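The values are calculated or read from the model by the stated rules, or taken from the named source; none is laboratory data. This one's a predicted model, so the numbers in the text were calculated from it and none came from an experiment. Heads up, the Cβs are rebuilt from the backbone with ideal geometry, glycines too, and the neighbour counts pull from every protein chain shown. Note: accessible area is taken over every heavy atom of the protein model, side chains too, but ligands, DNA and RNA are not part of it. Shrake-Rupley method; radii C 1.70, N 1.55, O 1.52, S 1.80 Å.
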Amino acid sequence: HRMKNPKFIPFSLLTIGMALAISVPLPVLGPQSVQAAEIAYKPTVTTAPVRRVGAGSRGLCKEVSSVDNTFTLQVLAPATIGQTISAQPTLYWSVSKPLSGKFTFTVVEDSKDFVDPVLDTKVAQSVTGVQALSLAKYQVSLKKGASYKWSVSLECDANNPSLNIVSSGMIKYVEPSASLDQANPEKLPFLYAAKGYWYDALSSLSDLIQANPTEKKWHEERASLVKQGGLDKLATLDK
């Protein structure tokens, strides 16, 4: 009997498969392959009240003429509270359209008592799409086991802060359940997401996007993570 080669696939079929973008594992560097949209975020807190706030323009923004009533400012945080295993994580936020303006970044411990923010700074900058806020840059360290509210505000009226556009989310610094120091950088986002470390998963994906800007799969993975965090509209930023 003639033996069939199970590994042989006609070149024409491969070409058609690639053209139609069927579910073929995407190659990556490293010992294991990763499929697009494979990331699975498993939050440890699912029953708490929603603590994330997104904000859109309620009308004209006096300080930023390009802002209209379709504009949105959104922190990239899950609906309840996101965890991190970093004392100085990088946080991410986004704008729905390019603009130049004055932004205020605040991080304050979630406490019953009044406490001063660990970060409260105003920066004038031009932005588009997803933006990074590095706590290390501002020499801010979170306390282990403590929860914090962080927010980004776009100044619309210097004399009337209530008109500013503000978005906020929650973050908690926790002890990692296992060491991930030796993991392949391209596997880290998936390990972080599976353990519920939202901010680390998002940050590691963003690092991969920055290092490999033409690799579409990392944009797709971040879009999938963001969607699983309940930010469906923002998933289109990476499409």
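With 22 Å as the limit, the listed pairs Lys149/Lys216; Lys112/Lys149; Lys112/Lys143; Lys42/Lys187; Lys62/Lys122 have Lys149/Lys216 beyond it between alpha carbons.
The Asn159 and Gln88 beta-carbon pair, evaluated with R₀ = 35 Å, returns a calculated FRET efficiency of approximately 0.55. Label separation (Thr214 vs Lys97): 3.2 nm, computed from points 7 Å beyond Cα along the C-beta direction.
For region 103-239, a/c is not less than 1.5, where a ≥ b ≥ c are the root eigenvalues of the C-alpha gyration tensor, and a/b does not top b/c. That puts it in the oblate class. For the pair Leu180 and Gln131, a Förster radius of 30 Å applied to the C-beta separation gives a FRET efficiency near 0.70, rounded to the nearest 0.05. The residue among Ser100, Pro89, Thr121 whose Cα reaches farthest toward the positive pole of the charge dipole of region 71-140, with charges on the beta-carbon of Lys, Arg, Asp and Glu, is Ser100. Counting only residues at least eight positions apart within a chain, or on another chain, the aspartates and glutamates with an alpha carbon under 14 Å from that of Lys227 are Glu38, Asp238. A simple count of charges around Ala183, restricted to other residues whose Cβ falls under 14 Å of its Cβ and scoring Lys, Arg +1 and Asp, Glu -1, yields -2. Ranking Ser179, Leu135, Ser167 by how far each Cα lies toward the positive end of the dipole of region 127-194 (charges on Cβ) leaves Ser179 at the top. Stretched out straight at 0.36 nm per residue, the stretch from Asp110 to Ala146 would grow longer than its current Cα-Cα span by 12.2 nm.
About its Cα centre, region 145-239 has a charge dipole of approximately 260 debye under the convention of +1 per Lys or Arg Cβ and -1 per Asp or Glu Cβ, with nothing else charged.
Computed over protein heavy atoms with a 1.4 angstrom probe, the accessible surface ordering of Tyr138, Tyr41, largest first, is Tyr138, Tyr41.
Highest mean packing first, where packing is the average number of other Cβ atoms within 10 Å per residue, the peptides 158-164, 190-196 line up as 190-196, 158-164.
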